[in-house]
Amino acid sequence: MKTAEQGNVNRDAKGSTGHLGFVSVAVFLLLTLSAGPSPAAKGDCGQPITDGFGPVATDCLAILQTGVGNPVCTHECLCDTDGSGSVVATDALDCLRNAVGQDVPLVCTQCGVPVLEGLDPAKAEVLPITVQAAHNDDTMFFHMSWQGDRGDTHDYLHFTNGAWQNEGAPRRETQSTIDNDPLRGPTNRTTNIYESRLTFMLDDPTGPNAVTGFGELGCFMTCHNNSRAMPLWDPATDFTKYLTDTTPGSLDLWHRRLHRANPLGASDDQFVSRIPVGGEAGGRIRDAGTGPFQTGSIGQDGNPAFAFDPTTTGGRFAFPFVGVFTDPLRFFRDATSAELGGRVLAVGIDYSTAVTMGYVPQEGDAIPRRRLRTPTGSAGDITGFGTDFTPSPSDPLMGRWDVGTQRLLDTGNGDDTALAQGGVYNIAFAVHAGRVTVRDHYIGFPMKLSIGGAAGDINSVQIAGSGRSTLPDFTDTATFPVTDVDLFLPGINSFSFLTGADTAEVFIDPQNGLAVDQNHAGANALLTQGLGCRDCHTVTAAETFNPPQAGGFFAGAMETLAVQRGGVSTPTPLPVVVTTTTMSGTTTTMTTTTTMSTTTTTMGGGNIAAGTADYDARCAFCHAAGAHDTSAEFANDLAQLGAALVADLGTIDGSMTGLLMSPTELLDMDAFLSSL
């Protein structure tokens with residue numbers, strides 16, 4: 001196979017019609033047009049009209065028409081098949097040669113090429129998505145939609161400088177590579193390529209796998225300071241999601257991977273439990289059976305595990321890496337897996353077989369690292385039918401995802417959350433968008449999913465029938481109501497921070513050199529009053545605060561608060577770094593905990609230490625308190641104002657409705673504030 005550059009060596013000058021006359025090319029194209037409708041284009045190079053793993057005559061005609069001044073290509077970069085920056089007749093000729101099986105790679109590099117780029121500081125803090133739900137006699141259906149990048153590429157193997165190397169990593173890992181910062185991530189990444197994903201976790205609060213607290217904290221139950229890209233990350237363990245050892249139960253994780261499963265109409269199916277159970281990067285564990293992809297890493301012989309079957313690609317064993325974002329060969333499947341994802345996929349064979357068939361890798365060749373397959377067992381319970389990406393008019397790599405997902409209400413498998421008519425369940429959504437992973441993905445607060453039970457945040461609509469062969473028409477929003485859900489970037493917020501366990505930790509934000517605020521004023525409300533995130537916070541500042549439970553109080557919008565603690569699309573705050581110099585050299589250590597001694601003092605009958613702790617738990621989030629707390633986020637400085645406090649704080653300010661103080665708490669708080 002020739003590289004993109006080699007494929008262009010013998011071309012005539014741009015604008016020439018080459019070996020075929022201009023008229024004969026057009027006539028040939030018109031004569032070879034196939035009758036009947038063509039599937040919608042998905043943003044593949046040389047395919048402005050059709051889908052599949054290569055262009056056909058209708059695509060080439062559209063390119064020709066655009067090249068002669070009759071623009072048919074919505075995205076001209078997909079018709080500029082040699083990446084020169086303009087569309088002319090020779091692009092159509094290359095398209096035609098490729099379509100009839102000649103070895104002419106198409107490289108639409110004007111649409112984008114893989115590069116090493118790090119975090120995007122301009123990334124929006126909030127991502128709006130929509131959710132619809134339906135169920136029939138035995139099957140659950142979801143439809144989710146959002147605007148974002150296509151993200152149907154993941155990781156690849158690239159032949160360059162005479163050897164194969166890995167390509168593709170999320171932005172935080174490419175940022176640590178750019179910064180040469182091993183404390184915050186790997187330092188050997190080469191390109192930022194990463195798939196988009198839609199996930200949600202389900203919990204039945206009355207079921208055998210119920211997770212206490214998930215209905216209040218949602219996915220924060222699974223996020224911890226030692227998770228990947230968090231302040232106490234340890235590359236030796238590299239945990240992602242997990243539940244603490246003292247948290248019983250497990251969370252059912254529906255995992256829609258838009259490269260590693262979706263092209264086959266499949267999904268990953270996992271659950272989140274405790275680390276001792278084992279699993280992928282901590283407590284995230286695939287359900288029993290085989291997953292939707294195989295990983296083909298570079299072996300000891302220096303070669304990949306897989307290559308393309310040339311009998312399914314028009315003779316190609318690989319594709320040009322520079323065209324990874326638009327080449328239709330950016331994914332392949334095993335030969336036994338059915339194509340249920342709405343597009344034709346090439347087949348991946350063993351690399352050794354490709355060699356026996358004559359494959360010799362050329363500079364610039366690329367092969368997907370993951371070979372897709374139909375999942376089996378409990379891991380194959382979820383399907384992804386009815387999923388589609390609609391490119392935006394201005395950029396084929398940006399647009400709207402409409403993601404469908406289906407599963408039996410009750411699979412009978414213990415690693416799934418069983419659903420039933422009349423049930424109400426806890427559910428929390430997340431979206432990985434913008435070539436990121438772990439804490440750089442968008443998350444949402446926990447919500448209530450009702451399947452014909454009491455009213456929920458999302459109410460599933462019952463439809464007739466059974467099975468998943470007939471999908472609900474979710475475009476009929478009168479029948480299937482749309483629930484708007486705002487997701488947000490969580491930053492370094494974690495389970496231990498939310499529950500008040502981080503007050504002794506000192507993390508320094510590299511953006512400003514200051515210690516991160518570790519006092520979560522709502523910790524006491526979470527632990528002792530049963531309140532949850534939605535009882536104190538909104539996602540956006542414009543959102544109307546409407547706490548689900550009595551006793552809730554407004555403590556700010558997450559789009560503001562998460563950024564204040566640092567690490568949102570910026571380098572991760574880390575523990576204090578202590579450097580000591582000795583005769584033998586310099587030693588750098590990470591100090592993870594700072595302890596402070598507190599002297600118990602009374603004043604006016606109150607306990608200053610107790611008042612200090614109460615202030616830190618309930619007031620620090622909004623107020624300041626002299627030298628003890630110099631930052632007032634939303635309200636005034638309370639120093640010397642203890643005498644103004646009353647038992648029902650809601651009588652002072654309506655935003656504190658439901659906040660009550662006992663006589664002892666009033667004395668202690670007065671003692672603390674009066675001591676400032």
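The values are calculated or read from the model by the stated rules, or taken from the named source; none is laboratory data. Here the structure is a predicted model, which means the values were calculated and not measured. Neighbour counts run over all protein chains shown; Cβ positions are idealised from the backbone, glycine included. Keep in mind that these areas ignore ligands, DNA and RNA; they rest on the heavy atoms of the full protein, side chains included. Shrake-Rupley method; radii C 1.70, N 1.55, O 1.52, S 1.80 Å.
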- Message: Take the residues in the stretch 77-108 that are at pLDDT 95 or above and open to solvent by 40 Å² or more (accessible area, probe 1.4 Å); name whichever of them is nearest to Ala318 (Cα to Cα).
- Response: Ser84
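For Phe389, indicate whether it is under 20 Å from Phe53 (Cα atoms) and in contact (Cβ under 8 Å) with a residue 60 or more places away in the chain.
Values: under 20 Å from Phe53 (Cα atoms): yes; in contact (Cβ under 8 Å) with a residue 60 or more places away in the chain: yes.
Answer is yes for this residue.
Filter the stretch 125-179 down to the residues that are of a type in the set (A, V, I, L, M) and under 28 Å from Gly566 (Cα atoms), then identify the one that is most open to solvent (accessible area, probe 1.4 Å). Working first, answer last.
Here is the first cut: in the stretch 125-179, the ones of a type in the set (A, V, I, L, M) are 126-127, 129, 131, 133-134, 140, 144, 157, 163, 169, 178.
Subsequent filtering for residues that are under 28 Å from Gly566 (Cα atoms) retains 126-127, 129, 169, 178.
Numbers: Val126: 29, Leu127: 17, Ile129: 4, Ala169: 2, Ile178: 84 Å².
For the stretch 125-179, the residue satisfying everything is Ile178.
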- Item | Residue list for the stretch 370-381, filter: open to solvent by less than 50 Å² (accessible area, probe 1.4 Å) and either touching a Leu at 6+ places or on another chain (Cβ under 6 Å) or under 15 Å from Ile349 (Cβ atoms) (or both) | Arg370, Arg371, Leu372
- Item | Subset of the stretch 309-352 [in contact with a Phe, Trp or Tyr (Cβ under 9 Å, 6 or more places away or on another chain), on the phi < 0 side of the Ramachandran plot and either in a helix (DSSP H, G or I) or open to solvent by 50 Å² or more (accessible area, probe 1.4 Å) (or both)] | Pro310, Thr312, Phe321, Leu340, Val344, Asp350, Tyr351
- Note on the structure: Taking first residues from the stretch 519-538 that are over 14 Å from Ala620 (Cα atoms) and second residues anywhere that are of a type in the set (A, V, I, L, M, F, W, C) and surrounded by fewer than 21 Cβ atoms within 10 Å (Cβ to Cβ), the pairs with Cβ under 6 Å that are 6 or more apart or on different chains are Thr538/Phe545; Thr538/Ala557
- Can you find even one residue in the stretch 477-486 that is loosely packed, with under 15 Cβ neighbours inside 10 Å and at pLDDT below 95? no
- Item | The listed residue being small (Gly, Ala, Ser), under 45 Å from the mean Cα position of the chain (by Cα), surrounded by 14 or more Cβ atoms within 10 Å (Cβ to Cβ) and modelled with pLDDT of 75 or more, out of Gly650, Gly611 | Gly611
- Message: Condition (residue is in a loop (DSSP other than H, G, I, E, B) and closer than 30 Å to Arg565 by Cα) applied to the stretch 453-468: is it met by at least one residue?
- Response: yes
- Quick one: in the stretch 520-555, of everything that is open to solvent by less than 20 Å² (accessible area, probe 1.4 Å) and either touching a strand residue (DSSP E or B) at 6+ places or on another chain (Cβ under 8 Å) or not in a loop (DSSP other than H, G, I, E, B) (or both), which residue is modelled with the lowest pLDDT? Ala525
- Looking only at the stretch 628-646, and only at residues there that are open to solvent by 50 Å² or more (accessible area, probe 1.4 Å) and at pLDDT 80 or above, the one that is farthest from Gln529 (Cα to Cα): Gln640
- Pairs, first touching a residue at least 60 places away in the same chain (Cβ under 8 Å) and among the aliphatic types (A, V, I, L, M) in the stretch 116-129, second outside any loop (DSSP other than H, G, I, E, B) and open to solvent by 40 Å² or more (accessible area, probe 1.4 Å), C-beta under 7 Å, six or more apart: Leu116/Ile178; Val126/Asp486; Val126/Glu559
